[in-house]
Amino acid sequence: MKKSNTNILKNKVSAFFVKLPESHAFRSIMASVISIVIGLVFGFFLLLILKPDRAGWGIYRILFGITDIRRFARMLYFAAPILMTGLAVGVAFKTGLFNIGASGQYTLGSFFALYTAMIWQWPWYLAILAAMAGGAIWGALPGLFKAFFNVHEVISSIMFNWIGMYLVNLLSINTPAMLDRLVGNRTMILVNANPSAVIPKWGLDVAFQSNFMNIAIFLAIIYAVIMYIVLNRTTFGYELKACGFNRHASQNAGINAKRNIIVAMVISGALAGVGGGLYYLSGIGQYLVERSLLMAGFNGIPVALLGASNPIGIIFSALFISYLQVGGDSLQPVFAKETIDVIISVIIYMSALSLIVKTVIASILKRGSIKKHAKEEKQ
Amino acid sequence: MNVLGDILSLTIIFTVPLLLVALGGMFSERSGVVNIALEGIMVIGALVSFLYMSKIRDSAFAAATPVLATLTGVAVAAVAGMVFALLLAFASIHLKADQTIGGTALNMFAPAFAILLTWTIQGQGQTAIYTPPWARISPTVFGADLQNLNFFQRVFLKEFFITTPLAIFILILVIIVLYKTKFGLRLRSCGEHPQAADSVGVNVYFMRYAGVGISGLLGGIGGFAYALAAGAGFSATVSGYGFLALAVMIFGNWKPLRIVGAASLFAFFKVISAMATAIPFLPSFQKISGGEYIYLMVPYVVTMIVLAFTSKRSRAPKASGIPYDKGAR
């Protein structure tokens, strides 16, 4: 009796390992891992060409840049906003939209959060909701333009990135109560303006010996889990994904595609907005009135692609990209920290080829299993 | 009058990169490949050609024939842009990858690579490559008096680079190639209905490679022209001009002559927004601080309004953005 039980268990386990390579998730993960390896190898060769004697040191810094718990806290701190923008881009991808405007939505979210926190003295949880609203408004605009005027969302969201950045600059400059009195071109330190608006630390800063540590990363993970449930376990999520697969077919099936485009962009924008809120409400970063777009929005694109637009995958890819970036910061001044961006861009390029990578994996596995079958038949 | 002359003069030199890059994008889309990588292609074109220009900066060749030296710079930019664009072509044509994602990767790669490379070559933190003084053709070459430029000299000669007449030449060439040659007809057919083109013996893959290759060529030259127009030099960015060029292409309805109109309109608004404080008849918004941001927003707001009105009627090449699959019906 006991023996047969263990046999069943054994069969189940071996069945799992046989099925594993054929599962969709496994292939996506393998494709991502292969992309990452190729990206890192490319980065290494690039460093080798640029400065042969320091290349080994450079790649070591990138791979093992996080040596202590403080750096680990920094990694979590920078992972939270890009996790949110990654979710934003990923959700839009699932609906067949390319939201390249996460940067603008992130900026608007940041402004809403800082404004409500500093001027209206809202506590942090309400300020995050304000950030959500700000991002949602800025995400809705490209959605409306797509649904009603047939303007491609890539073009319109790029335009709204710039409009949003200049608008927020204009609004911040004209709200002197928000600005740092000494420097003038940035918002004031949040703790001085409204201590209750700083995202709580719950003692984590002591545990991680770092001021960068707070509960922001956990909030971001909660958002990811919620999005996972919405996309995979609700009718609403199913409709969104159906629109992404085939807009015309889903319209025939009675799904309102126009409404879904707008709703998807609103959700996407809201998520990006929360990213801005989490970053600036941590109380360390001050919004700088500058003329360049915020990169956290664009970093959402590789995060989403690497995570295969799956909210759970995005959690891991955000942590990974943040890991690389914190490691990359320590490359300076020998190499520019943009080395990381080069590596990430190669990773995205490879993940654009994910279809090929997946078919290659599949064909290798198939060849393996055919050989196995042939062997078994011979026996 | 002088201010107006300056505005028109700057409008011309900023129209040049927008026009060239938008024409490039048009070639790519007309062949059936969405080229969102124009921004990155511009950066690579400008980077490589400016490295080359700074290399020959003090050479006897440049001193003797500055115009010819600048033209070799144009050629270098064209080749660099084309090679870089082939990365997109390879991924999206042969490997049938998602064209937008591949393009995004190239857009991210180019400026990061430019910073990494200039750091290594010029030293820590020094990412700017300066324009050699001989690249700009002074009005005195045409016999104008620098102190007393008349209106037309101010408009056409005050800021004059060899890329301006080159752009006009390229525009004429593009119209002829696209509408009056067998190659142009075949290229357009691949963007509309590749299966039909294939059935009459057109090599769709080759045509798409050609389309993306030409877009890289023009994009590279456009990047070079932008870096010249920007003034001091090239510092790892073309500040969104590649994306603006995409909007210009859509607004121009994928047709060369309308693209000229669209490009000059956008360039005009860009120049107005940059020079707003120097223009006497524009309101200066003295009651609020940071009024310049209102003007900086203008070109993008205008783009959105224009796109809203024109996109309903716009007709993109039908097969643009769809990988060609021989087996599909």
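Quick one: grab the alpha carbon gyration tensor of segment B:1-104, order the square roots of its eigenvalues as a ≥ b ≥ c, and give me rounded if a/c is under 1.5, else prolate or oblate depending on whether a/b is larger than b/c.
Because a/c hits 1.5 or more and a/b fails to exceed b/c, segment B:1-104 counts as oblate.
With the solvent-accessible surface defined on protein heavy atoms using a 1.4 Å probe, which residues belonging to segment A:170-212 display a reduction of at least 30 Å² in accessible area in the multichain context relative to the isolated chain? At a threshold of 30 Å² (probe 1.4 Å), the residues of segment A:170-212 that become less exposed are A:L170, A:I173, A:N174.
Computed with the Debye formula from one identical point scatterer per Cα of chain A, without solvent, the log10 of I(q)/I(0) at q = 0.08 Å⁻¹ comes to -0.47. Accessible area of B:L19 (1.4 Å probe, protein heavy atoms only, ligands and nucleic acids ignored): about 10 Å².
Peptide A:299-311 is shielded by partner chain Cβ atoms: per residue, an average of 1 of them sit within 10 Å of its Cβ.
Taking all protein chains as they are arranged and a probe of 1.4 Å, the heavy atoms of B:D6 leave approximately 40 Å² accessible to solvent. Once the Cβ-Cβ distance of B:T72 and B:T140 is raised to the sixth power relative to R0 = 22 Å, the FRET efficiency obtained is 0.40. Using a Förster distance of 30 angstrom, determine the FRET efficiency expected from the C-beta separation of A:R291 and A:V41, and round it to 0.05. Using R0 = 30 Å, I get an efficiency of 0.25.
What a 1.4 Å probe finds exposed on chain B is 67% carbon and sulfur by accessible area, rounded to a whole percent. Between A:A216, A:A318, A:A249, the GNM of chain A built on Cα springs shorter than 10 angstrom shows A:A249 fluctuating the most.
Excluding ligands, DNA and RNA and using a 1.4 Å probe, chains B and A jointly bury around 4200 Å² of accessible surface, summed across both partners. Of the solvent-accessible surface of segment A:84-321, computed with a 1.4 Å probe and all protein chains present, 66% belongs to carbon and sulfur. Only helical runs count toward this figure. For chain B, summing -39,500 (n - 2.57) over DSSP H runs of n ≥ 4 and dividing by all residues gives -22000 deg cm²/dmol at 222 nm.
For the listed peptides A:54-65, A:25-36, a ranking on the average number of other beta carbons within 10 Å per residue, highest first, reads A:25-36, A:54-65. Between A:S196 and B:F151, the distance separating the two model label sites (each 7 Å from Cα on the Cα→Cβ line) works out to 6.5 nm. What net charge do the residues around A:S250 carry, taking every other residue with its C-beta under 11 Å from that of A:S250, with Lys and Arg at +1 and Asp and Glu at -1? Net charge in that neighbourhood comes out at +1.
Tell me whether chain B comes out rounded, prolate or oblate; compute the Cα gyration tensor, take square roots of the eigenvalues as a ≥ b ≥ c, and use a/c under 1.5 as the rounded threshold. Judged from the Cα gyration tensor, chain B comes out prolate (a/c at least 1.5, a/b above b/c).
Take peptides B:22-32, B:223-233 and line them up by average Cβ neighbours within 10 Å, highest first, as a rough protection proxy.
Result, highest mean Cβ count within 10 Å first: B:22-32, B:223-233.
Per residue, the accessible area of segment A:84-321 comes to 37 Å², computed with a 1.4 Å probe over protein heavy atoms only. Given +1 at the Cβ of Lys and Arg, -1 at the Cβ of Asp and Glu and no other charges, the dipole of chain B around its Cα centre is 920 debye to the nearest 20.
Put simply, the amide H of A:L179, placed in the peptide plane, has neighbours under 5 Å in A:M188, leaving out anything fewer than 5 places away on its chain. Applying 1/(1 + (r/R0)^6) with R0 = 45 Å to the Cβ-Cβ distance of A:I29 and B:I175 gives a FRET efficiency near 0.35.
Projecting the Cα atoms of B:F84, B:N2, B:I279 onto the dipole axis of chain B, where Lys and Arg carry +1 and Asp and Glu carry -1 at the beta carbon, places B:F84 farthest toward the positive end.
When +1 charges are put on Lys and Arg Cβ atoms and -1 charges on Asp and Glu Cβ atoms, the dipole computed for chain A relative to its Cα centre reaches about 1560 debye. Going by accessible surface with a 1.4 Å probe and the largest first, B:L282, B:L88 read B:L282, B:L88. Placing A:V13, A:V289 in order of accessible area, with the largest value first and a 1.4 Å probe, yields A:V13, A:V289. At a threshold of 20 Å², the residues of segment A:334-350 that become less accessible to a 1.4 Å probe in the full protein assembly than in their chain on its own are A:A336, A:E338, A:D341, A:V342, A:S345, A:I348, A:Y349.
The alpha-carbon of B:K180 sits under 20 angstrom from the alpha-carbons of these aspartates and glutamates, leaving out residues fewer than 8 places away in its chain: B:E29, B:E192.
Extension gain, B:S289-B:S59: 0.36 nm per intervening residue step, less the Cα-Cα distance, totals 78.0 nm. Restricting the calculation to Cα atoms, every distinct pair contributes to the Kirkwood radius of the protein assembly as shown, found to be 27.0 Å. The heavy atoms of A:L141 offer some 50 square angstrom of accessible surface to a 1.4 angstrom probe. The residues A:W120, A:W202, sorted by heavy-atom accessible surface at 1.4 Å with ligands and nucleic acids left out, run A:W202, A:W120 from largest to smallest. Across chain A, Cα pairs under 8 Å and at least six residues apart give a relative contact order of 32 percent. Contact order, relative form, for chain B: 37 percent (alpha carbon pairs under 8 Å, 6 or more residues apart, mean separation divided by residue count).
The values are calculated or read from the model by the stated rules, or taken from the named source; none is laboratory data. Since the model is a prediction, treat every value here as computed from it, not as a measurement. Here Cβ is always computed from backbone atoms with ideal geometry, including for glycine, and neighbour counts include all displayed protein chains. What goes into the accessible areas is simple: the full protein's heavy atoms, side chains included, and nothing from ligands, DNA or RNA. Shrake-Rupley method; radii C 1.70, N 1.55, O 1.52, S 1.80 Å.
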